[in-house]
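A single structure is presented below for examination.
The values are calculated or read from the model by the stated rules, or taken from the named source; none is laboratory data. These numbers were taken from a predicted model, which means no experiment stands behind them. Quick reminder, even Gly has a Cβ in these numbers, built from the backbone with ideal geometry, and neighbours come from all protein chains shown.
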Amino acid sequence: MQIVLVLHNLLRWAVLLFGIWTLFSAMSGIVSKRNYTAADSRSNFFFMLSCDIQLLLGLILYYTNSWFDRLKDLGNNMKDANNRFFTMEHGLLMIIALILVHVGRVSVKKASTPAAKHKRTLLFFGLAIVLILAAIPWPFREAIARPLLRWFN
């Protein structure tokens, strides 16, 4: 499981990188009024793909590291910030973000004009990035802090 945990931690950076690339691409498309290009589509595809792989790794960790088992005593787990975050908040926010990414990708494909594609990209993927950033256990979040880079111990 340590390998999965390290991969989950490292892939976080790929998710953030692809998400920021997608947002900058959308913003530059809106500002410069340029066509929606294959590079724009590729950036949000890689963002979606990295989120999907991250979800798979996260689900493996959730079900094998006893987080799921803690739902049996939900009342007590909700009193502890660390348990509450990893039992409920982290997964829920990340799944909502993943849904936004997938809905956004379909919505962008269905948009008829380049401007609409860029705006939908910015809206859906921007909301997803905000949720992802809120759901990451950053080192400065005392009760739930995790290291920026987790290596093998």
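For region 126-148: of the residues being β-branched (Val, Ile, Thr) and out of contact with any Lys or Arg (no Cβ under 7 Å at 6 or more places or on another chain), which is surrounded by the fewest Cβ atoms within 10 Å (Cβ to Cβ)? If you could, list the steps in order and put the result at the bottom.
Kept after step one, since they are β-branched (Val, Ile, Thr), are these residues of region 126-148: 129-130, 132, 136, 144.
From what's left, out of contact with any Lys or Arg (no Cβ under 7 Å at 6 or more places or on another chain): 129-130, 132, 144.
On the way: 129: 21, 130: 14, 132: 22, 144: 18.
Going through the qualifying residues, I end up with 130.
For a quick check of your reading: which helices (runs of 4 or more DSSP H) sit entirely within region 36-99 and have at least 2 residues that are aliphatic (A, V, I, L, M)? Show your work before the answer.
On the way: elements: 38-64, 74-79, 81-84.
Of the helices (runs of 4 or more DSSP H) lying wholly inside region 36-99, those with at least 2 residues that are aliphatic (A, V, I, L, M) span 38-64, 74-79.
Give the residue, chosen from 137, 114, that is in contact with a His (Cβ under 9 Å, 6 or more places away or on another chain) and not charged (D, E, K, R). Break it down stepwise before answering.
On the way: 114 fails: in contact with a His (Cβ under 9 Å, 6 or more places away or on another chain).
Result: 137 is the single residue among 137, 114 that is in contact with a His (Cβ under 9 Å, 6 or more places away or on another chain) and not charged (D, E, K, R).
Testing residue 103 on (1) buried (at least 16 other Cβ atoms within 10 Å of the Cβ); (2) touching a Phe, Trp or Tyr at 6+ places or on another chain (Cβ under 7 Å), one condition comes back false. Which one is that?
That leaves (1) as the condition not met.
It is to be established whether one or more residues within region 52-62 are over 19 Å from residue 150 (Cα atoms), in contact (Cβ under 8 Å) with a residue 24 or more places away in the chain and not hydrophobic (A, V, I, L, M, F, W, C).
So in region 52-62, the residues over 19 Å from residue 150 (Cα atoms) come out as 52.
Still in the list and also in contact (Cβ under 8 Å) with a residue 24 or more places away in the chain: 52.
With not hydrophobic (A, V, I, L, M, F, W, C) added as a condition, the list becomes 52.
The answer is yes; a qualifying residue exists.
Follow-up question, since we're still on this one. Which residues, taken from region 118-153, are of a type in the set (D, E, K, R) and modelled with pLDDT under 90?
Of region 118-153, the ones of a type in the set (D, E, K, R) are 119-120, 141-142, 146, 150.
Within region 118-153, 141, 142, 146, 150 meet the criteria.
Also: Show the residue pairs meeting these rules: Cβ distance below 7 Å; 6+ apart or different chains; first residue within region 84-101 and under 20 Å from residue 141 (Cα atoms); second residue modelled with pLDDT under 90 and charged (D, E, K, R).
Note: pairs meeting the criteria are 87/70.
Inspect all residues belonging to region 32-40 and state whether any of them is in contact with a Gly (Cβ under 7 Å, 6 or more places away or on another chain), closer than 24 Å to residue 147 by Cβ, buried (at least 16 other Cβ atoms within 10 Å of the Cβ) and in contact (Cβ under 8 Å) with a residue 40 or more places away in the chain. Walk me through it before giving the result.
In the first step, residues of region 32-40 are kept if they are in contact with a Gly (Cβ under 7 Å, 6 or more places away or on another chain); the result is 36, 40.
Applying the additional criterion that residues be closer than 24 Å to residue 147 by Cβ yields none.
No, every residue in region 32-40 fails to be in contact with a Gly (Cβ under 7 Å, 6 or more places away or on another chain), closer than 24 Å to residue 147 by Cβ, buried (at least 16 other Cβ atoms within 10 Å of the Cβ) and in contact (Cβ under 8 Å) with a residue 40 or more places away in the chain.
State all residues of region 110-130 that are without any contact (Cβ under 8 Å) to a residue 12 or more places away in the chain, part of a helix (DSSP H, G or I) and more than 14 Å from residue 15 (Cα to Cα); if no residue qualifies, say none.
Result: 110, 116.
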